[in-house]
Amino acid sequence: MNRKTILMKTQNKNVKEVFDRFKMPTIFLFLSLFFTIACSKDSTAEPNEVAEPEVEIGAITLNKTELELKKGESEQLSVTSDIAGQNIEWSINETSVATIANDGTLTATGNGKAIITATVGSQSTTCALLVSVDVYVAGYEDLNTITVAKYWKNGEPVALTDGSLGAKVYTIAVDENNVYTGGYESNGQHVVATNWVNTTQTALDSGETGSIVVGGFLDGSDVYHTGNKIAAGSTNVSTYWKNGTEVALTDGSRKASSASIFVTPENVFVSGAENNGSFNVAKYWRHERSSGTIFENVLSSPSTEAYAFDIAVDGEDIYAVGYIENAGGNREARYWKNKEEFSLETAEEGSEAYAVMVHNGDLYIAGYVTNGNTKVATYWKNGTPIVLSDGAKNAVANQFTLSDDDVYVAGWENIGPTYAATLWLNGSAIYLTDGTNDAEALSITVY
């Protein structure tokens, strides 16, 4: 179809000259104008053809319309187009999930979903991207009465010890290149605090008296572990290690132990308990990094048995979780915010809180409650309980992590006569072991 142009100005001038010369009545003027315009179209026009604006004709396609990547992976996107002489413009709606280069190289940088758009001229097409996570769970499996330290990556086990001596892994962290785990291995006489980088094992202590790692934190390239060490006189000392260097938090005059560590630019926070001669008192220690001063913060009554298993810091707020014993000697889950104590819904007699995290402004706590004589794996979101197990068999939530809207919980659940290392993903149980041997998942992270 040919594009048309109507030349109004020239024809109006001709009509005016006709009017002036022949003094035609007005109605004849308008009729003359109508026929003059109609006859002044392009000579190649067909009768009654309507003028149309110029439009771009063409289409583009992407070599991928859907794509799934792991964090750190890349994919080359390319465009096929029949629109000549146009550049490709790339854009992405979630820059925290991936980046797209001018040449179409797509690189996954975070977890989640994104839409990549390629535009050529006025035409565009899209690719839906999902960046999925690798799930790492640490713990142990009991083989022939000897515990083997191991972790699971996406359900596949990686043994860290050979089963000749007892060992467990209590903490796991991951960066782009390495998997960091911490726990212990026996030397035949004592358990020895141990760090693994991938599968390379390093003892954090001489092993002469006994020590253990039960918590960890990865701060950039710095690896922190915490636990306790038996000092002279057989007294446990609350301890943490930074890149293998030992820091004692207590002086050994009273038995103390620590369970979790959290690092900020200004401080190192460690939670646990210290015995006052009659009771274990829940507390946390704050090691000020600039001055080296260690501050002790008491959480529970000196006349009540208590323990703080985990600690997390969100801005100016410091959270710890654990338990206190009631007058009947039964444990009740508790959390503390800035040293103020709070109870948890349904967490009455026979309950403990093992893990705490603040995610997108929401407070998450994990542990268990007791239903009759059965432990029920549970986590709480802003105080509301979410039950993970059915109460027909014992189950416990030890640790958890979050990625976008997904909640990953590590723990154990009885299946038959044994308990299996268990991962719950948004409430659905995934068994990491088959129940042949006792096993437990003690820590979890995603990357």
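Laboratory data are not the source of any read-out in this text; all were calculated from the coordinates shown. Nothing here was measured: the structure is a model prediction, and the numbers come from that model. All Cβ positions, glycine included, derive from the backbone under ideal geometry; neighbour counts span all protein chains shown.
Pairs with C-alpha atoms separated by more than 22 Å, drawn from the list Lys168/Lys229; Lys229/Lys255; Lys337/Lys381, do not occur.
Hey, if you put +1 on the Cβ of every Lys and Arg and -1 on every Asp and Glu Cβ in the chain, which of Val191, Tyr447, Leu423 ends up farthest toward the positive end of that dipole? Toward the positive end, the furthest listed residue is Tyr447.
The alpha-carbon of Lys70 sits under 19 angstrom from the alpha-carbons of these aspartates and glutamates, leaving out residues fewer than 8 places away in its chain: Glu94, Asp134, Glu156, Asp175, Glu176, Asp404, Asp405, Asp406. Sequence-distant contacts, meaning Cα pairs under 8 Å at least 6 residues apart, place the relative contact order of the chain at 8 percent. Above 19 Å lies some portion of the pair distances; for segment 190-275, what is it as a whole percent of all C-alpha pairs? Of all Cα-Cα distances in segment 190-275, 33 percent exceed 19 Å.
When only the Cβ of Lys, Arg, Asp and Glu is charged (+1, +1, -1, -1), the dipole of the chain relative to its Cα centre reaches about 1260 debye.
A P(r) calculated from all alpha carbon pairs of segment 265-397, with 10 Å bins opening at zero, reads 13, 42, 32, 11, 2, 0 percent. The three principal axes of the C-alpha atoms in the chain carry coordinate ranges of 128, 52, 44 Å, sorted with the longest axis first. Extents of segment 102-251, largest first, come to 79, 38, 18 Å (Cα atoms, principal axes, whole angstrom). Taking segment 196-352, how much of its Cα-Cα pair set, in percent, is spaced more than 27 angstrom apart? Tail of the P(r) past 27 Å holds 24 percent of the pairs. Candidates Gln86, Ala149, Ser164 compared by Cα position along the dipole of the chain: farthest toward the positive end lies Gln86, with charges placed on Cβ. Computed over the Cα atoms of segment 60-131, the ratio of the radius of gyration to the Kirkwood radius (Rg/Rh) comes to 0.97.
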